[in-house]
Amino acid sequence: MSNEIVEVDFQLPAIKVINHLCKGCGLCIEHCPKNCIEFSGKFNQLGYDYAQYNGEGCTGCSICFYACPEPGAIEVYKKVKGE
Amino acid sequence: MAKELIKGNEAVVKGAILAGCSLYFGYPITPASEIAESAASYFPMSGGTFIQAESEVAAINMVYGASSTGSRAMTASSGPGLSLKQEGISYLAGAELPCVIVDVMRAGPGLGNIWPEQSDYNQIVKGGGHGNYKVIVLAPNSAQEMCDFTMLAFDLADKYRNPVIVLTDAYIGQMMEPVEFPNKRKEVPYRDYALYGDKKTRHNLITSILMNTELLEKHNIKLGKKYQEVEENEVKFEAMYTDDAELILMGYGIVSRMLQNVVETLRQEGKKVGLLRPITLFPFPNQKIAELADTADKFLVAELSDGQMINDVRLALNGKKEVHLFNRMGGAVPSVEELLEAARKYI
Amino acid sequence: MKAQVLAKPKAFYDKFERKGGTNLETTHYCPGCGHGNIHKILAEAIVDFGIQDRTVLVSPVGCSVFAYYYFDIGNVQAAHGRAPAVATGLKRSNKDSIVISYQGDGDLAAIGGAEILNAANRGENITVIFINNAIYGMTGGQMAPTTMVGQKTKTSPFGRSSENEGHPIRMCEIISTLEAPVYVERTALVDFKSINRTKKVLRKALQNQIDNKGFSFVEILAPCPTGWKMSSVDSQKWIEEKMIPYFPVKVFKDISDDIEPRSIKKKTLTDKEILDVLGLAPSGKADTVDKDFLGKFSEQKMKIAGFGGQGVLTAGVMLAAMAMEENLEVSWLPSYGPEMRGGTANCSVHLSNKRIGSPLTTNPNVLIAMNGPSLDAFEDTVEKDGLIITNSSIVDRKVKRDDVKAIEIPLTEMASKMGMTAVANMICIGAYLELTKVIDTATAKDTIKQHLKKKEFVDINLKAIDEGVKYIRENYS
């Protein structure tokens, strides 16, 4: 895993959809086992209705990360192991 | 210097290895197969690689790949094979990759036959593939030059980042003559644009695609400037008795060997005849021809084709002097006597 | 709070500068395109394996032609279908690099059919990633060799018909019949499980190459929502429902555990070793040009002819080699072309003290006719005052010309008496040298010692030269 450690101020685990990179294909939404990703109903500069994390229920399973075809559109944040 | 009595085709292979070429990719075709056969022994024996490719197309693309890594690589074939390689040659020229290709010409069109012709002139010298590009073309006329020009071809290819073609025929390839070989292998220059599989060159990109119209136009202009530089610096020809000649005979490759006899015979008779033998076909000795147009009256071009090089002579003469063609096709090679008779008509 | 983040792998460029234009952060791929997923898991594997510096990706012609926009690794863009040949060149030239041929279905299974099959069959130590999305995406949705029967594309507007276009090609099935490939597997991008499997498969295919085990081939059934005119989600379902039943997702071949890693040791030869290999060790002999001697004769334009097995070509080569030892200019040209028909062989040999023009003898001043047809064929071409040597053991007639010097020698009989008919050619050379004095017989003998491959025959060949000399002295002096 190409994992980096960063400092965050939100609850873990969580995902971030980098909304200006999202092409609105909906695959993350389709495959999220916890149904915690949804279309935002808003359009980014590319013209796509981008996905967003609804803020609850993420288990950090990373399924959305691999389901997403865009290299940088989804980031998954998990607790650092052992902490 | 080691001197060996050797066939032209084999001299190509030994010359290539001494030029630092370490990879040969080829496909058998008469009358170029001997180069592949010789390469199949000498390349592996000297620590290099020989692969008999599945096709001419694959062979030239293997050259493309090997050249991308900074190695000197080559292939050889005959007309029908060169037709197939043209796609790859265009990509090599577009991506500005050096390589050496030997074309041992045979007679065409189509399958034609396996005897010598010089009918690949247009497809080689004018660029047989798509797009605006040129290749440097060297035309040896002896076994020694088969070695020397193959070695020179690798240097020119690297100097200009462009494919170089050694254009020859079955006679020059089959003929045995003494060849002096250098006693040292050349160092292959470092190519800062190549992919050596390391951190330093990781960001390099080998490609011929440029989607932006302006960038592609710029690239074409850059290539054009390069070819202009080649024309300014790399013209090679051999002139015999041309200074006071009234009739200039022109021919390259095997034909120039016969023309040498013709000129020597006619000079013994006191006839003012000279020989201009282009060694580089691109760049073509335009300037020399233009100069001779001031002193000579007539030009006779002898070719084993339907008259291909003669068009370049006409362009160089720009209508100043009359130009005649003597040609044979289908694999027939004219005798000295035949050429002598042809020349006498214009004296 | 500290968090572990899973984000864009570092084998991608931060910004896709090569893409140009204003959007340098997203790929050029359409929403839901499978290339993106595969790029991501490939980039991740490259980082995890620590091979970023030495990896070279060959991008094809197809939608992934622009793969080099994204991957911060070595990139080579290949002509349509030729990626496996280019990859072969790359890998053979630099065996330490990790070479990936990334190809689509048109590129790999149609126009590049020969290249992929033969790279696989040679067992090139490369990794091939084959994206099968059953359509030509880049050119705008035309039929691919893997387009499903009934599937509508721009060039199969009524649906692919097996009668007109045949059935979709199953590449894994074909490749896995070959001996050399080490690993062949087909996967798909339809759900988390299959994407996860694809991750593993790609890593295995790369690991095989890192371990120098040989050719690995991964086919990935991937969605093309734009080309298929479906939503991203429906596209994945279509793969599952339509493609997988025809293109089974499974391991077709895996012998990677049984394969011994190849040695990739490169031998680098010294200059001296190279010269030895090429047979070019400097002789150290000084030039011994005897200028006066060279002036004594005019260019010898020789035609040596006979039937196959009479050593005609060898005689020519030997004469040329002898003359070369005397620092004369020489050329040797074997019969080439129509003359060779009928089992006769001949060669043109020129020996001169000046630069030789035509190497092709059309009007010889020396003709050596080892059999009758050779005399018939060339007698008339000999120059006035020329020399004709006939093998009177076989040639049953006299030379008709009276303006040439005719020498008859029973070459075959003499050779036969010596116990070896094959030396008739050397007897003839001895006679020729005695007649013309073009080459010193001592030089001639030295040359035979040097050039004759079968050393056990050196003595008899030397004796043959003497016999030829003797015959001329006794019969023609």
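The values are calculated or read from the model by the stated rules, or taken from the named source; none is laboratory data. Computed from a prediction, not measured in an experiment: that's the story for all the values here. A quick note on method: Cβ atoms are made from the backbone with ideal geometry, for glycine too, and the neighbour counts reach across all protein chains shown. Accessible surface is based on the protein model in full, side chains and every heavy atom, while ligands, DNA and RNA are left aside. Shrake-Rupley method; radii C 1.70, N 1.55, O 1.52, S 1.80 Å.
Exactly one of these conditions fails for B:E10: (1) assigned to a helix (DSSP H, G or I); (2) acidic (D, E); (3) under 30 Å from C:D107 (Cβ atoms); (4) touching a Ser or Thr at 6+ places or on another chain (Cβ under 8 Å). Give me its number.
So the condition that B:E10 fails would be (3).
Going by what's in this entry, would B:A302 be described as crowded, with 17+ Cβ neighbours inside 10 Å and farther than 16 Å from B:G253 by Cβ?
In short, no.
Of the conditions (1) assigned to a helix (DSSP H, G or I); (2) in contact (Cβ under 8 Å) with a residue 12 or more places away in the chain; (3) surrounded by fewer than 18 Cβ atoms within 10 Å (Cβ to Cβ), C:G140 fails just one. Which one is it?
(1)
The conditions are (1) without any contact (Cβ under 8 Å) to a residue 12 or more places away in the chain; (2) open to solvent by 40 Å² or more (accessible area, probe 1.4 Å), and A:Y66 fails exactly one of them. Which is it?
Evaluating A:Y66 over (1) without any contact (Cβ under 8 Å) to a residue 12 or more places away in the chain; (2) open to solvent by 40 Å² or more (accessible area, probe 1.4 Å) leaves (2) as the failure.
So B:L259 fits all but one of (1) at the interface with chain C (Cβ under 9 Å from one of its Cβ atoms); (2) touching a residue at least 24 places away in the same chain (Cβ under 8 Å); (3) touching a Ser or Thr at 6+ places or on another chain (Cβ under 8 Å); what number is the exception?
Only one criterion in (1) at the interface with chain C (Cβ under 9 Å from one of its Cβ atoms); (2) touching a residue at least 24 places away in the same chain (Cβ under 8 Å); (3) touching a Ser or Thr at 6+ places or on another chain (Cβ under 8 Å) is unmet by B:L259, namely (3).
Looking at C:I368, C:I356, which is the one that is farther than 18 Å from C:F307 by Cβ, at pLDDT 95 or above and in contact with a strand residue (DSSP E or B) (Cβ under 8 Å, 6 or more places away or on another chain)?
Details: C:I368 fails: farther than 18 Å from C:F307 by Cβ.
Every option except C:I356 fails the conditions.
Taking B:Y190, is it open to solvent by 30 Å² or more (accessible area, probe 1.4 Å), assigned to a loop (DSSP other than H, G, I, E, B) and either in contact (Cβ under 8 Å) with a residue 40 or more places away in the chain or among the aromatic types (F, W, Y) (or both)?
yes
Filter the stretch C:347-381 down to residues that are free of Cβ contacts under 8 Å to residues at least 24 places away in the same chain and either buried (at least 24 other Cβ atoms within 10 Å of the Cβ) or in contact with a helix residue (DSSP H, G or I) (Cβ under 8 Å, 6 or more places away or on another chain) (or both) and give me whichever is nearest to C:A415 (Cα to Cα).
C:T362
Quick check on my filter: what residues within the stretch C:182-208 are under 12 Å from C:E219 (Cβ atoms) and away from every other protein chain (no Cβ under 14 Å)?
Scanning the stretch C:182-208 gives C:Y183, C:V184, C:E185, C:R186, C:A205.
Return the pair list, or none, for Cβ contacts closer than 9 Å from residues in the stretch B:28-54 that are within 8 Å of chain C (Cβ to nearest Cβ) to residues that are among the hydroxyl-bearing types (S, T, Y) and assigned to a helix (DSSP H, G or I), at least 6 apart or on different chains.
Short answer, once both residue conditions are applied: B:T49/C:S93; B:I51/C:T88; B:A53/C:T88.
Test B:L317 against the stated conditions and say whether it is out of contact with any Cys (no Cβ under 7 Å at 6 or more places or on another chain), open to solvent by less than 10 Å² (accessible area, probe 1.4 Å), hydrophobic (A, V, I, L, M, F, W, C) and away from every other protein chain (no Cβ under 14 Å).
Criteria met by B:L317.
For residues that are crowded, with 20+ Cβ neighbours inside 10 Å, under 22 Å from C:V5 (Cβ atoms) and touching a Pro at 6+ places or on another chain (Cβ under 9 Å), tally how many sit in the stretch A:26-62.
Selection size over the stretch A:26-62: 2.
Would you kindly identify the helices (runs of 4 or more DSSP H) lying entirely within the stretch C:9-93 that contain at least 1 residues that are away from chain B (no Cβ under 13 Å)?
C:34-48
Could you check B:V125 against (1) under 23 Å from B:A19 (Cα atoms); (2) touching a strand residue (DSSP E or B) at 6+ places or on another chain (Cβ under 9 Å) and say which number it fails?
With (1) under 23 Å from B:A19 (Cα atoms); (2) touching a strand residue (DSSP E or B) at 6+ places or on another chain (Cβ under 9 Å) applied to B:V125, the lone miss is (1).
Before we move on, is B:S38 modelled with pLDDT under 95 and assigned by TED's automatic domain parsing to the domain that holds B:N183?
No; evaluated as a whole, the condition is false for this residue.
Looking only at the stretch B:201-210, decide whether some residue is in a loop (DSSP other than H, G, I, E, B) and open to solvent by less than 20 Å² (accessible area, probe 1.4 Å).
Checking the stretch B:201-210: at least one residue is in a loop (DSSP other than H, G, I, E, B) and open to solvent by less than 20 Å² (accessible area, probe 1.4 Å).
Any chance the stretch C:158-167 includes a residue that's among the acidic types (D, E) and without any contact (Cβ under 8 Å) to a residue 12 or more places away in the chain?
Yes, some residue in the stretch C:158-167 is among the acidic types (D, E) and without any contact (Cβ under 8 Å) to a residue 12 or more places away in the chain.
Give just the number: which of (1) in contact with a helix residue (DSSP H, G or I) (Cβ under 9 Å, 6 or more places away or on another chain); (2) open to solvent by 10 Å² or more (accessible area, probe 1.4 Å) does B:A11 not satisfy?
So B:A11 meets the others, but not (2).
With respect to C:D105, is the statement that it is under 28 Å from B:Y27 (Cβ atoms), away from chain B (no Cβ under 12 Å) and not hydroxyl-bearing (S, T, Y) true?
On the way: under 28 Å from B:Y27 (Cβ atoms): yes; away from chain B (no Cβ under 12 Å): yes; not hydroxyl-bearing (S, T, Y): yes.
So C:D105 passes the test.
With (1) part of a helix (DSSP H, G or I); (2) over 24 Å from C:L117 (Cβ atoms); (3) touching a residue at least 24 places away in the same chain (Cβ under 8 Å) as the list, and B:L5 as the residue in question, which single condition is left unmet?
Condition not satisfied by B:L5: (1).
Residues are listed down the side, and each one gets a yes or a no for (1) among the polar types (S, T, N, Q); (2) part of a helix (DSSP H, G or I); (3) assigned by TED's automatic domain parsing to the domain that holds B:D148; (4) open to solvent by 10 Å² or more (accessible area, probe 1.4 Å):
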| site | (1), (2), (3), (4) |
| --- | --- |
| B:S256 | yes, yes, no, no |
| B:L259 | no, yes, no, no |
| B:V263 | no, yes, no, no |
| B:L266 | no, yes, no, no |
| B:L276 | no, no, no, no |
| B:Q287 | yes, yes, no, yes |
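If we scan the stretch B:118-127, do we find a residue that is among the acidic types (D, E) and touching a residue at least 60 places away in the same chain (Cβ under 8 Å)?
No, the stretch B:118-127 contains no residue that is among the acidic types (D, E) and touching a residue at least 60 places away in the same chain (Cβ under 8 Å).
Within the stretch C:231-275, can you find the residues that are more than 20 Å from A:H31 (Cβ to Cβ), open to solvent by less than 80 Å² (accessible area, probe 1.4 Å) and part of a helix (DSSP H, G or I)?
C:Y246, C:D271, C:I274, C:L275
Mind counting the residues in the stretch B:149-173 that are in a helix (DSSP H, G or I) and either open to solvent by less than 10 Å² (accessible area, probe 1.4 Å) or farther than 25 Å from C:P359 by Cα (or both)?
Matching residues across the stretch B:149-173 total 12.
Quick check: anything in the stretch B:77-95 more than 17 Å from B:G129 (Cβ to Cβ), more than 10 Å from chain C (Cβ to nearest Cβ), surrounded by fewer than 21 Cβ atoms within 10 Å (Cβ to Cβ) and touching a Gly at 6+ places or on another chain (Cβ under 9 Å)?
Looking through the stretch B:77-95, none of the residues is more than 17 Å from B:G129 (Cβ to Cβ), more than 10 Å from chain C (Cβ to nearest Cβ), surrounded by fewer than 21 Cβ atoms within 10 Å (Cβ to Cβ) and touching a Gly at 6+ places or on another chain (Cβ under 9 Å).
Consider B:L340 against the criteria (1) surrounded by 22 or more Cβ atoms within 10 Å (Cβ to Cβ); (2) outside any loop (DSSP other than H, G, I, E, B); (3) not β-branched (V, I, T): it satisfies all of them except one. Which criterion is unmet?
The one condition B:L340 does not meet is (1).
For the stretch C:311-323, give me the residue count where each residue is open to solvent by 10 Å² or more (accessible area, probe 1.4 Å) and facing chain B (nearest Cβ under 7 Å).
1
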